[in-house]
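The values are calculated or read from the model by the stated rules, or taken from the named source; none is laboratory data. As the structure is a computational prediction, the values presented were derived from the model and not from experiment. Here Cβ is always computed from backbone atoms with ideal geometry, including for glycine, and neighbour counts include all displayed protein chains.
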Amino acid sequence: MKLSKKRVLFLTIISTLLSILGVTGFIISYKVTYWAKHLGQYKLGDLEIFRKYSSTINILAVCSIILFLLTTLILMRVIQKKSRKAIAALSLTFSIIIGSYLFLCLFIYQNLDGIIKINHLVYQPKKIDQSTAEKIRLLYSDAEEIKINTSDNINLYGWLIKNSSVKEAPLLIYFGGSGEEVSDMLSIAEGLDGWSVALINYRSYGLSEGEPSKISLYNDANSIYDYFSKRSDIDNKKIVSMGYSLGTGIAVNLSSERSTVGTILVSPYDNYSKLKGNTISNALQLHNMFPLSYFIGESYNSIKKASSIKTPLLCLAGDLDKNIPIEYSKNLVAKWGGEKTMKTIHRGDHSFLFTSGDAWNEIKNFLKVV
């Protein structure tokens with residue numbers, strides 16, 4: 001049997017594509033079926049079709065692999081020299097490995113943002129209704145209710161706690177975690193003597209409207225700053241940005257774009273995509289085989305902005321924090337452009353901010369000197 005070079009090349013390409021299709025079909029079908037069985041709390045969105053039709057997909061995958069074997073057999077019969085056969089076999093093997101990996105990367109890229117969104121893996125909005133808002137109004141009668149209209153006509157709601165009798169009070173602007181509704185901070189904020197505290201909910205949190213995204217939250221933080229800096233009862237030369245967990249990325253961005261005298265970060269990350277990529281890889285048991293951090297849209301790359309900020313930093317991190325391991329916080333602090341202080345909270349988990357008196361003593365001491 002003798003074939004022209006063009007036909008041999010065509011046969012090689014067809015053989016490789018059939019194998020890639022079969023291998024990736026098997027892997028995707030297996031993984032999705034595994035997720036559906038062992039990760040019941042995860043919603044898979046469009047991937048559900050692979051679980052629903054797994055038998056059909058597996059049959060098609062087997063057929064593709066059989067056709068690959070047949071075309072490979074023909075190819076090996078056509079090639080006469082043993083050295084060329086070996087080269088062809090190696091080329092096919094490497095092409096299948098690389099092609100299957102790239103195809104899986106593309107597949108994950110196409111579906112990852114959907115999995116993140118439907119499972120609330122970045123934003124976990126916590127709403128309150130009007131009856132809860134009324135209870136807050138009665139419990140915290142001194143808290144001023146705030147409504148801020150953004151540039152895209154979205155209303156953000158929250159509170160201003162006034163802990164100072166001076167005409168122009170210094171201001172702490174607080175940005176919460178991914179699952180935090182900021183009224184939880186009202187009682188704590190009342191203890192920051194001498195400082196007014198702004199607690200404004202993210203989009204879709206509390207009573208705030210809209211849907212959160214990285215760009216919208218960055219812009220909203222700037223709008224919050226601009227709103228308060230123009231008030232006659234706020235000292236616009238003494239504003240501190242504070243973030244917890246997810247909110248640390250927003251606080252860092254605000255300090256890089258507006259004039260703040262200091263930044264307080266509690267359980268911060270260096271790069272949210274890297275952190276979330278590792279978290280999702282572990283949850284889906286992908287064993288970091290794929291560069292998921294490059295596929296996640298909400299990047300919050302704090303470390304990229306850290307060196308440009310020349311004002312003081314207070315960083316608090318828990319040594320038992322599993323959500324954001326302390327190494328991520330240390331990476332960010334190392335790149336900070338201004339004076340920096342990092343305090344490790346002994347036996348502190350991810351929620352130590354709400355339970356640790358030591359953490360709040362550190363924050364109060366920092367506010368005294370900025």
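All of (1) polar (S, T, N, Q); (2) under 20 Å from residue 364 (Cβ atoms); (3) part of a helix (DSSP H, G or I) hold for residue 219 with one exception: (2). For the range 191-216, residues that are within 14 Å of residue 246 (Cβ to Cβ), polar (S, T, N, Q) and part of a loop (DSSP other than H, G, I, E, B) total 3.
Candidates are the residues of the range 194-243 that are surrounded by 23 or more Cβ atoms within 10 Å (Cβ to Cβ) and hydroxyl-bearing (Ser, Thr, Tyr); the one that is nearest to residue 301 (Cα to Cα) is 241. Against the conditions (1) buried (at least 19 other Cβ atoms within 10 Å of the Cβ); (2) in contact (Cβ under 8 Å) with a residue 40 or more places away in the chain; (3) aliphatic (A, V, I, L, M), residue 189 satisfies every one except (2). Looking for something assigned by TED's automatic domain parsing to the domain that holds residue 302, under 24 Å from the mean Cα position of the chain (by Cα) and surrounded by 15 or more Cβ atoms within 10 Å (Cβ to Cβ) - is there at least one such residue anywhere in the range 163-173? Yes, there is a match, as at least one residue in the range 163-173 is assigned by TED's automatic domain parsing to the domain that holds residue 302, under 24 Å from the mean Cα position of the chain (by Cα) and surrounded by 15 or more Cβ atoms within 10 Å (Cβ to Cβ).
Could we say that residue 61 is over 30 Å from residue 280 (Cβ atoms), small (Gly, Ala, Ser) and not assigned by TED's automatic domain parsing to the domain that holds residue 245 here? Spelling it out, it is not the case that residue 61 is over 30 Å from residue 280 (Cβ atoms), small (Gly, Ala, Ser) and not assigned by TED's automatic domain parsing to the domain that holds residue 245.
Residues of the range 247-267 that are closer than 11 Å to residue 301 by Cα and under 14 Å from the mean Cα position of the chain (by Cα): 248, 249, 250. Residue 49 fulfils the conditions (1) over 34 Å from the mean Cα position of the chain (by Cα); (2) closer than 24 Å to residue 281 by Cα except for a single criterion, (1). Being within 22 Å of residue 125 (Cβ to Cβ), among the aliphatic types (A, V, I, L, M) and assigned to a loop (DSSP other than H, G, I, E, B): is that true of residue 324 here? Spelling it out, residue 324 is indeed within 22 Å of residue 125 (Cβ to Cβ), among the aliphatic types (A, V, I, L, M) and assigned to a loop (DSSP other than H, G, I, E, B).
The residues listed here are 173, 188; of these, the one that is assigned to a strand (DSSP E or B) and of a type in the set (Val, Ile, Thr) is 173.
Filter the range 330-367 down to the residues that are within 24 Å of residue 184 (Cα to Cα) and either of a type in the set (Phe, Trp, Tyr) or in contact (Cβ under 8 Å) with a residue 40 or more places away in the chain (or both) and list them by number. Hits for the range 330-367 are 350, 352, 353, 354, 359, 360, 362, 363, 364, 366, 367.
For the range 269-288, the criterion of being among the acidic types (Asp, Glu), assigned to a loop (DSSP other than H, G, I, E, B), crowded, with 21+ Cβ neighbours inside 10 Å and in contact (Cβ under 8 Å) with a residue 24 or more places away in the chain is met by at least one residue. Among the residues of this structure, residue 149 counts as one that is without any contact (Cβ under 8 Å) to a residue 60 or more places away in the chain, of a type outside the set (Gly, Ala, Ser) and in contact with a strand residue (DSSP E or B) (Cβ under 9 Å, 6 or more places away or on another chain).
Going through the range 287-300 one residue at a time, which ones are modelled with pLDDT of 80 or more and either under 26 Å from residue 101 (Cβ atoms) or small (Gly, Ala, Ser) (or both)? Result: 289, 290, 291, 292, 299. Using the structure shown, decide if residue 67 is assigned by TED's automatic domain parsing to the domain that holds residue 110 and more than 21 Å from residue 97 (Cβ to Cβ). No: the conditions fail for residue 67. Set side by side, the residues 196, 223, 187, 229 differ, and just one is closer than 30 Å to residue 117 by Cβ and hydroxyl-bearing (Ser, Thr, Tyr), which is 223.
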